[in-house]
Amino acid sequence: MGQQLSGQALNRLPEKLVKHAGLVRDSGYLTYEEFLGRVSELNDVTAKLASGQQKHLLFEVQPGSDATALWKVAVRVLCTKINKETGMVEASRIMNLYQFIQLYRDVTSQAAEVLSAEGASSAQLPSTDSCQASMWMGR
């Protein structure tokens, strides 16, 4: 009975609030090893999406930001947009754990859609201009 009420109440909550609660829950249960795995996975996914593109996104943990027992509060992820041809850094952004998890979810879900559509129709990958990560980087 109580679970049905919870489910009904959850259906009435605004979508943004439900998404926020999910992000907070995910960050609470995330281990340090899983976090590092997600950083690595996001680098792999963006590399696949950026193949054939002029620009590439690189994610890395900001040195020293994860050195305390309270790493979830202190950690910062540096996202850098790099021009592949010149090797120059075009833009960078520092994110906290919450922002990183939000970006991770958005990019991996978009990548899954793009890569599955590519496999089904052999269509060309869209430019990085349409990618959520590029919007985060100010493009």
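Given the residues 39, 18, 45, which is the only one that is hydrophobic (A, V, I, L, M, F, W, C), outside any strand (DSSP E or B) and at pLDDT below 70?
18
Of 134, 122, 127, which residue is surrounded by fewer than 12 Cβ atoms within 10 Å (Cβ to Cβ) and modelled with pLDDT under 70?
Residue meeting the stated conditions: 122.
Within the stretch 98-119, which residues are under 10 Å from the mean Cα position of the chain (by Cα) and surrounded by 18 or more Cβ atoms within 10 Å (Cβ to Cβ)?
Across the stretch 98-119, the qualifying residues are 100, 101, 102, 103, 104, 107.
In the stretch 49-65, what residues are in contact with a strand residue (DSSP E or B) (Cβ under 8 Å, 6 or more places away or on another chain) and at pLDDT 90 or above?
54, 55, 56, 57, 58, 59, 60, 61, 62, 65 - these are the residues of the stretch 49-65 that are in contact with a strand residue (DSSP E or B) (Cβ under 8 Å, 6 or more places away or on another chain) and at pLDDT 90 or above.
Among the residues in the stretch 95-106, are any modelled with pLDDT of 90 or more and assigned to a strand (DSSP E or B)?
Checked the stretch 95-106: at least one residue is modelled with pLDDT of 90 or more and assigned to a strand (DSSP E or B).
The values are calculated or read from the model by the stated rules, or taken from the named source; none is laboratory data. From a predicted model like this one, the values you see are computed outputs, not experimental measurements. FYI the Cβ positions are ideal-geometry reconstructions off the backbone, even for glycines, and counts take in every protein chain you see.
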